[in-house]
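Below: the structure, in structure tokens.
The values are calculated or read from the model by the stated rules, or taken from the named source; none is laboratory data. Every value quoted in this text rests on a predicted model; they were computed, and no experiment measured them. Please note: Cβ atoms are built from the backbone with ideal geometry, for glycine as well, and neighbour counts cover all protein chains shown. Each accessible area value is taken on the protein alone, full model and side chains, heavy atoms only, with ligands, DNA and RNA left out. Shrake-Rupley method; radii C 1.70, N 1.55, O 1.52, S 1.80 Å.
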Amino acid sequence: MSNTKVYVAGVGMTQFSTPKSGEIYHDIGFRAAQSALADAGIDYKLVQQGYAGYMFADTCAGQRILYQLGMNGIPIFNVNNACASGSSALFLARQAVEHGIVDCALAVGFEQMVPGALGQAFADRPSPLMPFVDAMEKIQGLDPHGVITCQLFAAAAREHIGKYVTKLETFAKIAVKARKHAAQNPNAVFRDELSVEEVMASPVMFEPLTRYQCCPPTTGAAAAVVCSEAFAKKHGIAHAVPILGQAMDTDFASAHDGKSGMNLVGWEMARDTSQRLYEQTGIGPEDVDVVELHDCFTANELVTYEAIGLAPEGGAEQFIEDGDNTYGGKFVVNPSGGLLSKGHPIGATGLAQCFELVTHMRGAAGKRQVEGAKVALQHNLGLGGAVVMTMYGSVAA
């Protein structure tokens, strides 16, 4: 990054819901963007560029949302990077401000999902995930009738179990933690707590993952206003949160070589991205207080602990057993409830993570506030693939 300081001036988020809620993408996207502007205390007329992240909407859906705020001719970019779409929109907005292209940009992420497991949007053409599916077939075979994404992350779980004899209960404990955290989040879809026994007794989706270890289809939106330090001072934005660093990777050849289930779902991407972020900021994982991590399946949360240095390789099980992923431990991971319990409206997820961490950096997260938090870390993954990681500082930083 350059010497230009970049801040999150405002954040907004809708309450996440199940698809049957009937929420419409352009309504929720508008509400989230409007909330972010209100939080920043600025008018949309001051925004110079807009970035919209989503996966399941038609072309120019970003314009459909932002035109409701005003039609002032600014550039609007539509971003589709699978589950990393929201954080990719944030990455581009930050980059534009950092390099002096604009002083203020707005990123919005949204998704109006349908019930059931994630499927292929266009059945009349090859899926971009086919190289990953082919690699997975070499590793563990393929169930043509099963949910592909679940099988991909199950491959990561199986590799970790094979290497480190990880217990099945360990994965279930991640889902239990997610529900416990979500109980304090009014924006979360699932707020009822679960036991390890309940998680493990839920229907098996693909060994070793059960239903409660898989994120639900969700509808929701989130947004962030990003600005320069000079813009924040000029407009009296006193609660702006600094972006200390940001890094992004796409896949390495290991994702397609058919040798590693963990690399298949971005383990190497996450490791490289985190290392570059730590080098960029001069801040290591040991300095982080609160983390929003892409827990689309319990397997991904577990292997990502090790990929980004929260736990040593092979140490994730002990990390969980010691309670180092929750309040009172080394880190609080997914205080929002994460994708597993807060929900996963794909395009909104990266910006919902931003919303959560910015709220903690302001000391405004209420009952789920991580006390004394000064540094926050965000990890957002999209298969196919992209990993975006962001480091935030406290308001006083």
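Out of all the residues in segment 79-89, is one or more in contact (Cβ under 8 Å) with a residue 12 or more places away in the chain, among the aliphatic types (A, V, I, L, M) and open to solvent by 30 Å² or more (accessible area, probe 1.4 Å)? Give the steps one after another, and end with the answer.
Restricting attention to segment 79-89, the residues satisfying the condition of being in contact (Cβ under 8 Å) with a residue 12 or more places away in the chain are 79-89.
Add one more test, that the residue is among the aliphatic types (A, V, I, L, M), and what stays is 79, 82, 84, 89.
Checking the rest, the ones that are also open to solvent by 30 Å² or more (accessible area, probe 1.4 Å) come to none.
Checked segment 79-89: no residue is in contact (Cβ under 8 Å) with a residue 12 or more places away in the chain, among the aliphatic types (A, V, I, L, M) and open to solvent by 30 Å² or more (accessible area, probe 1.4 Å).
Right, A38: open to solvent by less than 10 Å² (accessible area, probe 1.4 Å) and either in contact with a strand residue (DSSP E or B) (Cβ under 8 Å, 6 or more places away or on another chain) or at pLDDT 95 or above (or both) or not? Break it down stepwise before answering.
Working: open to solvent by less than 10 Å² (accessible area, probe 1.4 Å): no; either in contact with a strand residue (DSSP E or B) (Cβ under 8 Å, 6 or more places away or on another chain) or at pLDDT 95 or above (or both): yes.
Against the criterion (open to solvent by less than 10 Å² (accessible area, probe 1.4 Å) and either in contact with a strand residue (DSSP E or B) (Cβ under 8 Å, 6 or more places away or on another chain) or at pLDDT 95 or above (or both)), A38 does not qualify.
Checking the conditions here, which among I174, I76 is under 23 Å from the mean Cα position of the chain (by Cα) and under 29 Å from T326 (Cα atoms)? Outline the logic, then answer.
Details: I76 fails: under 29 Å from T326 (Cα atoms).
From the options I174, I76, the qualifying one is I174.
For segment 248-287, name all the residues that are acidic (D, E), within 18 Å of the chain's Cα centre (by Cα) and over 13 Å from E159 (Cβ atoms).
At the first step, the residues of segment 248-287 found to be acidic (D, E) are 249, 251, 257, 268, 272, 279, 286-287.
Then keep just the ones that are within 18 Å of the chain's Cα centre (by Cα); that gives 249, 251, 268, 272.
Across segment 248-287, the qualifying residues are D249, D251, D272.
Name the residue that is nearest to the chain's Cα centre (by Cα), counting only residues in segment 312-358 that are farther than 14 Å from V291 by Cβ, open to solvent by 20 Å² or more (accessible area, probe 1.4 Å) and in contact (Cβ under 8 Å) with a residue 12 or more places away in the chain.
Among those residues, the one meeting the criterion is F355.
Checking H379 against (1) more than 19 Å from S274 (Cβ to Cβ); (2) not in a helix (DSSP H, G or I), which single condition isn't satisfied?
(1) is the only condition that H379 fails.
Among the residues of segment 326-349, how many are of a type in the set (S, T, N, Q) and in contact with a Phe, Trp or Tyr (Cβ under 6 Å, 6 or more places away or on another chain)?
The first filter runs over segment 326-349 and keeps only residues of a type in the set (S, T, N, Q), leaving 326, 334, 336, 341, 349.
Among the residues that remain, those that are also in contact with a Phe, Trp or Tyr (Cβ under 6 Å, 6 or more places away or on another chain) are: 341.
Looking only at that region, the number is 1.
Please count how many residues of segment 1-35 are of a type in the set (A, V, I, L, M, F, W, C), surrounded by fewer than 20 Cβ atoms within 10 Å (Cβ to Cβ) and within 30 Å of E279 (Cβ to Cβ).
1
Which one is nearest to M200 (Cα to Cα) among residues in segment 273-311 that are charged (D, E, K, R) and surrounded by fewer than 16 Cβ atoms within 10 Å (Cβ to Cβ)?
Residues of segment 273-311 charged (D, E, K, R): 276, 279, 286-287, 289, 292, 295, 301, 306.
Then drop every residue that is not surrounded by fewer than 16 Cβ atoms within 10 Å (Cβ to Cβ), which leaves 279, 286-287.
Details: E279: 39, E286: 32, D287: 34 Å.
Here the answer is E286.
Does segment 342-353 contain at least one residue that is among the basic types (K, R), over 22 Å from M113 (Cβ atoms) and not in a helix (DSSP H, G or I)? Give the steps one after another, and end with the answer.
Filtering segment 342-353 for residues among the basic types (K, R) gives 342.
Restricting the remaining residues to those that are over 22 Å from M113 (Cβ atoms) gives none.
Within segment 342-353, none of the residues are among the basic types (K, R), over 22 Å from M113 (Cβ atoms) and not in a helix (DSSP H, G or I).
Need a quick list: helices (runs of 4 or more DSSP H) entirely within segment 148-242 having at least 3 residues that are of a type in the set (V, I, T) and open to solvent by less than 70 Å² (accessible area, probe 1.4 Å). Spell out how you get there, then give the answer.
Values: elements: 148-164, 168-182, 196-201, 229-234.
Passing ranges, in order: 148-164, 168-182.
Show the residue pairs meeting these rules: Cβ distance below 7 Å; 6+ apart or different chains; first residue within segment 206-232 and under 20 Å from V97 (Cα atoms) and of a type in the set (F, W, Y); second residue part of a strand (DSSP E or B) and modelled with pLDDT of 95 or more.
Sorted first by the residue in segment 206-232, then by its partner, the pairs are F231/C104.
Report, by residue number, each residue of segment 126-147 that is part of a loop (DSSP other than H, G, I, E, B) and farther than 15 Å from G384 by Cβ. Quick ask: steps written out before the conclusion?
Filtering segment 126-147 for residues part of a loop (DSSP other than H, G, I, E, B) gives 126-129, 141-147.
G141, L142, D143, P144, H145, G146, V147 - these are the residues of segment 126-147 that are part of a loop (DSSP other than H, G, I, E, B) and farther than 15 Å from G384 by Cβ.
Confirm whether D143 is surrounded by fewer than 19 Cβ atoms within 10 Å (Cβ to Cβ), touching a Gly at 6+ places or on another chain (Cβ under 9 Å) and closer than 30 Å to P203 by Cα.
Numbers: surrounded by fewer than 19 Cβ atoms within 10 Å (Cβ to Cβ): yes; touching a Gly at 6+ places or on another chain (Cβ under 9 Å): no; closer than 30 Å to P203 by Cα: yes.
Judged against the criteria, D143 is not a match.
For the subset of segment 17-67 comprising residues that are of a type outside the set (D, E) and free of Cβ contacts under 8 Å to residues at least 24 places away in the same chain, which member is nearest to Q112 (Cα to Cα)? Walk me through it before giving the result.
Here is the first cut: in segment 17-67, the ones of a type outside the set (D, E) are 17-22, 24-26, 28-38, 40-42, 44-57, 59-67.
Still in the list and also free of Cβ contacts under 8 Å to residues at least 24 places away in the same chain: 22, 59-60, 63, 67.
Numbers: G22: 9, T59: 14, C60: 15, Q63: 16, Y67: 18 Å.
In this case the residue turns out to be G22.
When segment 44-62 is examined, which residues are found to be farther than 14 Å from G347 by Cβ, open to solvent by 30 Å² or more (accessible area, probe 1.4 Å) and either assigned to a helix (DSSP H, G or I) or in contact with a helix residue (DSSP H, G or I) (Cβ under 7 Å, 6 or more places away or on another chain) (or both)?
K45, L46, listed by residue number.
Of the residues that make up segment 99-117, is at least one part of a helix (DSSP H, G or I), small (G, A, S) and either open to solvent by 10 Å² or more (accessible area, probe 1.4 Å) or at pLDDT 95 or above (or both)? If you could, list the steps in order and put the result at the bottom.
Taking segment 99-117 as the starting set, the residues that turn out to be part of a helix (DSSP H, G or I) are none.
Checked segment 99-117: no residue is part of a helix (DSSP H, G or I), small (G, A, S) and either open to solvent by 10 Å² or more (accessible area, probe 1.4 Å) or at pLDDT 95 or above (or both).
Can you tell me which residue is farthest from G343 (Cα to Cα) among those in segment 1-32 that are part of a loop (DSSP other than H, G, I, E, B) and among the charged types (D, E, K, R)?
Applying the first criterion (part of a loop (DSSP other than H, G, I, E, B)) to segment 1-32 yields 1-5, 14-16, 18, 22-24.
Those still in the list that are among the charged types (D, E, K, R) too: 5, 23.
Working: K5: 32, E23: 15 Å.
Only one residue tops the list, namely K5.
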